[in-house]
Structures are given as structure tokens and as C-alpha cells.
Amino acid sequence: MVSFDFPQTDTGNLVDRFMVNYQKPIAVSGTLCATFQISTVPINPPNPLSFDYPCGPGTDNICGYGPSIEFYMQAKNWSSGDPTKRWWALSKYTLQDTNGQVSICTPLTPDKWGDADGHVGNYDQTTTDGFNSMIGGLLVGWGWSEGGGYFDGHGSSGSQGTARSSYTASEQGELAGSLYSIGVLRRSDTTNIG
């Protein structure tokens, strides 16, 4: 299980993504599932905690959609700029108090994932080939990503109270692999949590 507290919006820190990383690229198939719980404690009940993300003037992002959390996968050499090396699940969960545990599952098929340019994995042959290459032997990490507006990533935070999030992954198929590290990435630092 992975747990963390959402950073407060006024600190400038954000939870961007947290991942399971592999020492060597692996091939995967099946369905990625997770059970999670988000617990909030508002400062002024009954007003709920506000989940925030970077948007509006001074950013290149719109406000009003999200923030949400979704699965994220990245391939070897993901920082090369090739949009088909990073993928976000199309199924998302809008950040809010879950009032208990919630489960989300996403099949590892091209039609259920979008690349860094926002193209669904079956958009064209190049996109489909990129997705299939990654799950066919180039996967180096998977996890959860948070964001809103135009971006599935770029982070989120909380205000008007506190929030804690706990996640348990249950890989179905061949995602178990050799666990390397799990970390919460914030804009200002990296904190290992497992």
C-alpha cells in the first residue's frame, strides 16, 4: 500500500505522479487495477476540501475540468520527446473524498489509453505501434498521475483542509514484474515512500 498527504496549495508543492519503476524494461498484458481511498478533513465543515491544480493566467492550462487521477505508464527513453513513450488511462477519477474504498481498472489495450499528445492509442498506425511497442517490452514504469484542464499530469494539491490518499495496486496479467521503487513526485522535491 502507498499512502501520502496531499500538499497544501499555498505551499506551491503538487503531487504530480507516483510510480512503480522497473530496473529493466518489461513486457505487460492484461488489466491494471487499483483500490484507493481519499480521506479529507475540511477546515470549515460542511464546506468540502478543495482539490486544486495549476490553471488560469500565467499557465498554459484551462480551469474547470478536474483535477483527477488516472493510471500512467512510461516506456524506455520516455524523455526523448516522442509522445508515444508516455500514456495516460482514459478512465479517470475526479479527486474527492471517496467515503471508503474505490476501485478502478483499465485494460492494457490501445483504445483505453492516450499518449502525451492526447491521441488515443488507436488514433493511427504510428500511435498504435507506439502503444504496442511499449507494452510489448519497453515498459519501465507505471503508476498514477494527477492533473486537470488540458493535462492529465502537472499535479494537484489541496486547500481548505487536509487530504490523505492510500493506494493498493493489483496487477492482473504480467505487470507484477520486479518492484524497484515507489515515489511521490512533487514539483520541488522527490520523496520516496516505499
Checklist line | Any hit, the range 77-89, residues being out of contact with any Phe, Trp or Tyr (no Cβ under 6 Å at 6 or more places or on another chain), modelled with pLDDT of 85 or more, surrounded by 14 or more Cβ atoms within 10 Å (Cβ to Cβ) and more than 18 Å from Asp115 (Cβ to Cβ) | finding: no
Margin query: Please count how many residues of the range 28-49 are of a type outside the set (Ser, Thr, Tyr), in contact with a strand residue (DSSP E or B) (Cβ under 7 Å, 6 or more places away or on another chain) and outside any strand (DSSP E or B).
Written below: 4
Next item on the list: Would you check which residues across the range 1-49 are within 16 Å of the chain's Cα centre (by Cα) and either of a type in the set (Ser, Thr, Tyr) or loosely packed, with under 15 Cβ neighbours inside 10 Å (or both) and list them?
Entry: Met1, Ser3, Asp5, Thr31, Thr35
Notebook entry, point to check: What's the number of the condition Ala116 fails, among (1) of a type outside the set (Ser, Thr, Tyr); (2) closer than 22 Å to Cys33 by Cβ; (3) touching a Lys or Arg at 6+ places or on another chain (Cβ under 7 Å)?
Noted result: (2)
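Do we have Gly141 as within 30 Å of Pro42 (Cβ to Cβ) and within 15 Å of the chain's Cα centre (by Cα) here?
So Gly141 does not fit the description; no.
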Next item on the list: Could you check how many residues of the range 55-85 are within 26 Å of Gly158 (Cα to Cα) and either of a type in the set (Gly, Ala, Ser) or touching an Asp or Glu at 6+ places or on another chain (Cβ under 9 Å) (or both)?
Entry: 9
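May I ask you to verify whether Thr126 is modelled with pLDDT of 90 or more, under 15 Å from Met73 (Cα atoms) and either surrounded by fewer than 19 Cβ atoms within 10 Å (Cβ to Cβ) or in contact with an Asp or Glu (Cβ under 6 Å, 6 or more places away or on another chain) (or both)?
No.
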Next item on the list: Just give me the residues in the range 90-122 being more than 30 Å from Pro42 (Cα to Cα) and in contact with a strand residue (DSSP E or B) (Cβ under 8 Å, 6 or more places away or on another chain), in sequence order.
Entry: Thr106, Pro107, Leu108, Pro110, Asp111, Lys112, Trp113, Gly114, Asp115, Ala116, Val120, Gly121
Next item on the list: Determine whether the range 128-148 contains at least one residue that is in a strand (DSSP E or B) and touching a Cys at 6+ places or on another chain (Cβ under 9 Å).
Entry: no
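Under the condition of being charged (D, E, K, R) and assigned to a helix (DSSP H, G or I), which residue from the range 108-123 is surrounded by the most Cβ atoms within 10 Å (Cβ to Cβ)?
Lys112
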Note to self: List the residue pairs whose Cβ atoms are under 6 Å apart, where the first residue sits in the range 96-110 and is in contact (Cβ under 8 Å) with a residue 40 or more places away in the chain and polar (S, T, N, Q), the second is surrounded by fewer than 16 Cβ atoms within 10 Å (Cβ to Cβ) and assigned to a loop (DSSP other than H, G, I, E, B), and the two are 6 or more positions apart or on different chains.
What the structure shows: Thr106/Ser91
Note to self: I need every pair where a residue in the range 60-83 that is touching a residue at least 60 places away in the same chain (Cβ under 8 Å) has its Cβ under 6 Å from the Cβ of a residue that is part of a loop (DSSP other than H, G, I, E, B) and of a type in the set (Gly, Ala, Ser), sequence separation at least 6 or different chains.
What the structure shows: Asn61/Gly149; Ile62/Gly149; Cys63/Gly56; Tyr65/Gly148; Tyr65/Gly149; Gly66/Gly148; Pro67/Gly148
Check: Which of the residues belonging to the range 111-165 are of a type in the set (S, T, N, Q) and farther than 16 Å from Phe71 by Cβ?
Finding: Asn122, Gln125, Thr126, Thr127, Thr128, Asn132, Ser133, Ser157, Ser159, Gln160, Thr162
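The values are calculated or read from the model by the stated rules, or taken from the named source; none is laboratory data. In this text, all values refer to a predicted model and were calculated from it rather than measured experimentally. Because the Cβ atoms are built from the backbone with ideal geometry, glycine has one as well, and the counts that use them run over all protein chains shown.
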